[in-house]
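Data first, discussion second: the structure below is written as structure tokens.
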Amino acid sequence: MALSAVLITKNEERNVDRCLSSLMFCDEIIVVDSFSTDQTIEIAKKYTEKVYQHSWEGYAAQKNFAISLSKNNWILSIDADEEVPAELQKELIKLFQIGRAH
């Protein structure tokens, strides 16, 4: 099993670094940005190459677009002002056996 994390953003430079750093255990991180005018994109690119820009069509539509870009069946959808606590990271790593030899 593999785990993807998806995140939608718009001008989240104050939050995105903390959020993305808590997702580094995931097999894939996808960021869909609604044309931020701050440093959100540059910060996100430090964590993943999968940074896309997509016009805002509403919260659900934006999340669904991000999910559609995922290559995995298991998806962790998180908001930019959230982070995955260390204990939850450990549990998810154990559950998904992330980092194992494939």
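The values are calculated or read from the model by the stated rules, or taken from the named source; none is laboratory data. Not measured: the values here are computed from a predicted model. Ideal geometry is used to build each Cβ from the backbone, glycine not excepted, and the neighbour counts take in all protein chains shown. Please note that ligands, DNA and RNA were not included when accessible areas were found on the heavy atoms of the full protein model with its side chains. Shrake-Rupley method; radii C 1.70, N 1.55, O 1.52, S 1.80 Å.
Name the helices (runs of 4 or more DSSP H) wholly inside the range 10-68 in which the number of residues that are closer than 22 Å to GLN89 by Cα and open to solvent by less than 90 Å² (accessible area, probe 1.4 Å) is 3 or more.
In the range 10-68, 16-21, 59-68 are the helices (runs of 4 or more DSSP H) which contain 3 or more residues that are closer than 22 Å to GLN89 by Cα and open to solvent by less than 90 Å² (accessible area, probe 1.4 Å).
Looking at THR40, THR48, THR9, which is the one that is out of contact with any Ser or Thr (no Cβ under 7 Å at 6 or more places or on another chain) and modelled with pLDDT of 95 or more?
THR48
Here are some conditions: (1) part of a helix (DSSP H, G or I); (2) open to solvent by 60 Å² or more (accessible area, probe 1.4 Å); (3) out of contact with any Gly (no Cβ under 8 Å at 6 or more places or on another chain). ILE93 meets all but one. Which one does it not meet?
ILE93 satisfies every listed condition except (3).
Answer yes or no as to whether GLU42 is acidic (Asp, Glu) and under 16 Å from VAL16 (Cα atoms).
Yes.
Within the range 69-89, restricting attention to residues that are assigned to a strand (DSSP E or B) and among the hydrophobic types (A, V, I, L, M, F, W, C), which residue is least open to solvent (accessible area, probe 1.4 Å)?
Per the criteria, the residue is ILE78.
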